Amino acid sequence: MTLRIAFVPGATPDKWARHWRERFREPLELLPVEEADVRALLEDGGVDMAVARLPVPGAGEDLHCVHLYEELPVVVVPTEHVVAGFDEVSAADLADEQFPLGVPSGVPSRMDQLPFGPMTVKDAIEVAASGTGVVVVPMSVARLHHRKDVTHAVVTDLPTTQMALLWPKDRDDERTQAFVGVVRGRTARSSR
């Protein structure tokens, strides 16, 4: 039976999948999913586990949650933007910007926001490339959607994003625990 692991944009489960394939005969399938779909896929059994950004409803309650790593928040701007010359900026430095995905919590916006319609992160980065706005996303997402006409800078005073491995508590078994062991760096000779 195949172990199905979902992962959200920007997550990179390849190293864990490679270690799994080296140590276990059971096949493993990696499935890219949107963040909004993680909970439903775990609930209905569409996937066995997921690498996702917190918060995910039910994490720690009816979902096991292993914290993996934190991601830095970055602002994506066009290459000719004043921020493009800096490696780091503060949230206050973004107060006069337009945000096509909405003003991030913690940014003291001083202006009325343009009425952008719903869009994907990829679409919002295209808007940033045009010079019409800026986008704050985790660094891995900015790298995923990298373009020659945009760059990014770390926003030093916004909270980091927490990545986690999640799976339903009612489907905890040897197979899921074996994958948790791989993720935590256990070798074939180590014990739990």
Please report LEU114, LEU166, LEU31, LEU68 as a ranked list, fewest other C-beta atoms within 10 angstrom at the top and most at the bottom.
-> LEU114, LEU31, LEU68, LEU166
Return ARG23, ARG4, ARG110 ranked ascending by Cβ neighbour count within 10 Å, so the fewest neighbours appear first.
-> ARG110, ARG23, ARG4
Which value, in debye to the nearest 20, gives the size of the charge dipole of the chain about its Cα centre, when Lys and Arg are +1 and Asp and Glu are -1 at the Cβ?
-> 1020
Value of [θ]222 nm, deg cm²/dmol, for the chain, DSSP H segments ≥ 4, -39500 (n - 2.57) each, nearest 500 = -6000 deg cm²/dmol
Counting other Cβ atoms within 10 Å of each Cβ, which GluC sites (Glu not before Pro) in the stretch 59-96 have at most 13 and sit in a DSSP loop?
-> GLU61, GLU80
Which lysines have a Cα lying under 26 Å from the Cα of LYS148, excluding residues fewer than 8 positions away in the same chain?
-> LYS122
Return one number: the angle in degrees, 0 to 90 and rounded to the nearest 10, between the long axis of the Cα atoms of helix 174-183 and the longest principal axis of the Cα atoms of the chain.
-> 50
Residue order, fewest to most beta carbons within 10 Å, for GLU174, GLU43 | GLU174, GLU43
Overall Cα dimensions of the chain, principal axis frame, Å, largest first = 54, 29, 25
To the nearest 20 debye, what charge dipole does the stretch 73-155 have about its Cα centre, counting +1 at the Cβ of each Lys and Arg and -1 at the Cβ of each Asp and Glu?
-> 260
From the square roots a ≥ b ≥ c of the eigenvalues of the alpha-carbon gyration tensor of the stretch 1-115, which class results: rounded (a/c under 1.5), prolate (a/b over b/c), or oblate?
-> prolate
Quick shape check on the stretch 73-155: root eigenvalues a ≥ b ≥ c of the Cα gyration tensor, a/c under 1.5 is rounded, otherwise prolate if a/b tops b/c, else oblate, and it reads rounded
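Read the figures in this text as sums done on the coordinates, not as results from a lab. Note that the structure is predicted; figures quoted are calculated from it, not measured. With ideal geometry, Cβ positions are generated from the backbone for all residues, glycine too; neighbour counts draw on all protein chains shown.
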